[in-house]
Structures are given as C-alpha cells and as structure tokens.
1. Would you mind finding the one in LEU110, LEU102, LEU165 that is closer than 28 Å to SER45 by Cβ, within 16 Å of the ligand (Cβ to nearest atom) and of a type outside the set (Asp, Glu)?
2. Please give the number of the condition ASP56 fails out of (1) modelled with pLDDT under 95; (2) among the acidic types (Asp, Glu); (3) within 16 Å of the ligand (Cβ to nearest atom).
3. Can you say whether GLY245 is assigned to a loop (DSSP other than H, G, I, E, B), at pLDDT below 95 and more than 13 Å from the ligand (Cβ to nearest atom), as far as the supplied structure shows?
4. Just checking, which of GLY114, GLY133 is under 29 Å from LEU212 (Cα atoms), touching an Asp or Glu at 6+ places or on another chain (Cβ under 9 Å) and surrounded by fewer than 15 Cβ atoms within 10 Å (Cβ to Cβ)?
5. Being open to solvent by less than 30 Å² (accessible area, probe 1.4 Å) and either over 21 Å from the mean Cα position of the chain (by Cα) or at pLDDT 95 or above (or both) narrows it down to one of VAL66, VAL77, so name that one.
6. Could you give every pair whose Cβ atoms fall below 9 Å, whose first residue belongs to the stretch 259-285 and is at positive phi and in a loop (DSSP other than H, G, I, E, B), and whose second residue is within 15 Å of the ligand (Cβ to nearest atom) and hydrophobic (A, V, I, L, M, F, W, C), counting only separations of at least 6 or pairs across chains?
7. Would you confirm, using the coordinates I've provided, whether PRO228 is over 20 Å from the mean Cα position of the chain (by Cα), modelled with pLDDT of 95 or more and over 27 Å from MET67 (Cα atoms)?
8. Taking the condition of being at pLDDT below 95 and assigned to a helix (DSSP H, G or I), how many residues in the stretch 288-345 meet it?
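The values are calculated or read from the model by the stated rules, or taken from the named source; none is laboratory data. These numbers were taken from a predicted model, which means no experiment stands behind them. Cβ placement follows ideal geometry from the backbone for every residue including glycine, while neighbour counts extend to all protein chains displayed. In case anyone asks, the SASA skips ligands and DNA or RNA and just uses the protein heavy atoms, side chains included. Shrake-Rupley method; radii C 1.70, N 1.55, O 1.52, S 1.80 Å.
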Amino acid sequence: MERAHQLFLGFALGLTAAWLALPAAPAIAKAPMVASQAPGFYRMSLGGIEITALLDGTHTFPVAAVMQAPPEAPGPVRRLLTQARPGEVEARLAAEALEMPLEGSINAFLINTGDRLVLIDSGAGDLYGVCCGKLRANMEAAGYRPEDVDDVLLTHLHADHVGGLMRDGKPVFPTATIHVSRTDEDYWLNPDNETAAPAFLHPMFEGARQVLKPYLDAGRVKPFDYGPEVLPGITPMATPGHTPGHSSYAVRAGDETFIVWGDIVHVAPIQFPDPAITVTYDNNGDLAEAQRGKLFAHTARHMIWVGAAHISFPGIGHIALRDGKFGWLPTNYTTEFAAQAPGGR
Ligand SMILES: [Zn+2]
C-alpha cells in the first residue's frame with residue numbers, strides 16, 4: 001500500500017508540474033452574461049396610497065449639446081455651457097463619478113389611490129426609438145394593466161412625456177381621460193407656434209399632435225386651468241419655463257405630500273449645484289431657472305418627496321440644502337413599506 005501511495009503521489013506531482021507548464025486554457029464561463037436589467041418599477045407607500053415609479057427607458061442625454069450657462073451680463077443670451085465654461089460639464093460629472101456619454105432616465109409615476117389609478121406622464125412610446133417605450137411592459141410587471149388606468153396627467157407635451165399614449169398606432173390607455181394644462185395644449189397643438197419655434201422642436205409638435213389625436217377624437221382630453229385639485233388629492237402647480245404650460249403635481253395622502261415635478265431637472269449633477277443652468281429645449285430659460293430655484297427651496301424646506309422625470313431611476317427622493325447648495329437625496333431602497341420616511345406638506 002505504501003508503495004502504491006508513493007507511486008500515486010509521484011504521478012499526481014508529475015501531472016501538476018505538466019499542468020503548470022501548459023499555457024493558460026481559456027476560461028470556461030460559469031454562467032452566460034445576461035446583459036439586461038431588472039424590470040423598471042419601484043414602489044413606495046405614501047399616507048395609505050401607493051406610488052410606483054415606472055421606467056420608460058434610458059437614453060444618451062446630449063449633455064454637451066443642450067446644457068446652457070446663464071448670461072454673464074444682464075441680457076437674454078445663454079450660451080452652451082461647454083463653450084461658456086470649458087471643462088465645467090466634465091468636472092461636475094466627475095464629482096459624481098460620471099462621464100459623457102451620460103445615460104438619462106425617462107420616468108413616469110403611477111398613483112394608486114385605492115379607488116383610482118392615475119398615471120403621471122407616459123414616457124416616449126415609439127417617439128425616441130428602441131431605447132424607450134418600455135413603460136407598458138414595466139407597468140404590467142408591476143402588476144397593473146393599461147386598461148385599468150383611469151387618468152393620465154401630463155406635465156407637458158414633449159415627446160418623452162406624451163409619446164407613451166400610443167404604441168404601434170394604437171392608444172395604450174383605452175378608457176383613460178388625459179389631463180394637461182390648457183396653456184400647454186394650446187401651445188403644442190397650434191401650428192403657428194410650430195412655425196415660430198426653432199427647427200429642432202418641430203418633431204415635438206408633430207409627436208404631440210399624433211399621439212393625442214385618438215384621445216381628442218374620442219373627447220377624452222380634458223385641459224385644466226390651475227386652481228383646485230384636478231383629481232381628488234392631486235393639485236396641479238403652474239411651473240412654466242421648460243414649456244409654456246409645464247405643470248408639476250402635488251399628490252397628497254394622509255399627512256404626506258409627493259410632488260411629481262416633470263422636467264424641473266434634466267441632469268442632476270449639473271443643475272443641483274447650479275440651478276441657473278438651463279437646456280436649449282426650455283421655452284423660456286429664465287422662467288425655467290426661476291421655477292427650479294423655487295421648487296428646490298420649497299421641497300427642501302418642507303422635506304417633501306419628489307418624483308423626477310429625468311433623475312436616475314426611480315427618480316424618487318428628497319432635496320437637501322447644505323452650505324447654500326442644493327443636492328439630491330435618493331430614496332433608501334426598502335421592501336418594508338411602513339418604514340419609508342415621511343414627506344412634509
Ligand atoms: Zn423630458
């Protein structure tokens with residue numbers, strides 16, 4: 001036995017030496033790369049109702065081509081941030097371990113009040129190409145059917161907010177009433193405004209017309225004027241600037257408030273430190289800047305929950321004000337609904 005053991009040991013050592021001398025064999029994968037993300041929904045409770053953030057998709061946000069610096073001297077001229085302040089875009093992104101090209105989220109928010117299902121914004125649908133249009137699938141993954149949506153509230157009529165009303169030429173929400181501020185509806189559906197607007201905005205007019213048509217034909221578009229609640233517990237807030245009738249929505253439940261603010265922020269690492277930075281898509285940069293400052297201050301002071309269309313999914317969090325600078329505090333991930341932090345009023 002002893003001899004056999006020695007022979008075996010010698011054989012094993014010989015094999016090991018031979019193996020060490022061999023060139024490295026290609027690694028055999030333990031499991032294939034998956035290269036896709038989890039379904040894009042995130043749920044939270046708020047004073048007895050449920051809010052589900054729904055991702056429509058992410059796309060490369062053209063930071064260098066659209067972010068604008070405020071004028072250096074009094075006057076209306078805003079220049080591209082990359083030209084007015086070279087290096088600043090890269091530095092602000094690097095401060096948050098980011099770089100260009102930067103992926104941006106397109107988020108929408110589904111409010112389940114118990115007796116009503118209300119969607120705020122609808123994503124881009126077919127209008128942004130293959131990146132997006134995933135809202136319906138994510139809504140179904142979250143346990144809801146588009147047929148059950150009673151109302152769609154739109155923050156504004158840009159393609160990435162209104163496009164999801166249609167897929168493959170058919171209305172996605174067959175029984176829903178669409179609510180939008182009268183100002184935005186009037187602006188985007190008036191061909192004279194398209195003629196007067198810069199060419200890069202023309203597809204936005206075409207997109208809004210196209211996706212709203214079946215709902216308009218069915219008499220299911222209900223423009224609102226600002227004032228009291230548009231639906232029980234939901235108050236529209238006039239936040240013009242990005243578009244003429246851009247609206248945010250304050251959702252109240254119990255003692256809590258959650259503001260869905262639409263396009264108040266496009267690139268968080270750039271616009272939180274400097275709310276004066278605007279985008280070329282803003283209809284009125286000065287007004288957009290003013291709304292951003294106002295909403296930052298209001299939501300920070302009262303610790304109100306915010307749902308943001310373009311802050312990294314799920315785009316839910318609070319606003320901090322520290323040493324005179326605003327910042328984004330993303331929600332803490334939890335599966336315990338009762339443990340979520342309260343939102344102020
Ligand atoms: Zn947008």
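1. Details: LEU110 fails: within 16 Å of the ligand (Cβ to nearest atom); LEU102 fails: closer than 28 Å to SER45 by Cβ.
It is LEU165.
2. For ASP56, the exception is condition (1).
3. Values: assigned to a loop (DSSP other than H, G, I, E, B): yes; at pLDDT below 95: no; more than 13 Å from the ligand (Cβ to nearest atom): yes.
It is false that GLY245 is assigned to a loop (DSSP other than H, G, I, E, B), at pLDDT below 95 and more than 13 Å from the ligand (Cβ to nearest atom).
4. Numbers: GLY133 fails: surrounded by fewer than 15 Cβ atoms within 10 Å (Cβ to Cβ).
GLY114 is the lone residue from the list that is under 29 Å from LEU212 (Cα atoms), touching an Asp or Glu at 6+ places or on another chain (Cβ under 9 Å) and surrounded by fewer than 15 Cβ atoms within 10 Å (Cβ to Cβ).
5. The match here is VAL66.
6. GLY262/ILE120; GLY262/LEU154; GLY262/ALA308; GLY262/ALA309
7. Values: over 20 Å from the mean Cα position of the chain (by Cα): yes; modelled with pLDDT of 95 or more: no; over 27 Å from MET67 (Cα atoms): yes.
No: the conditions fail for PRO228.
8. Result for the stretch 288-345: 3.
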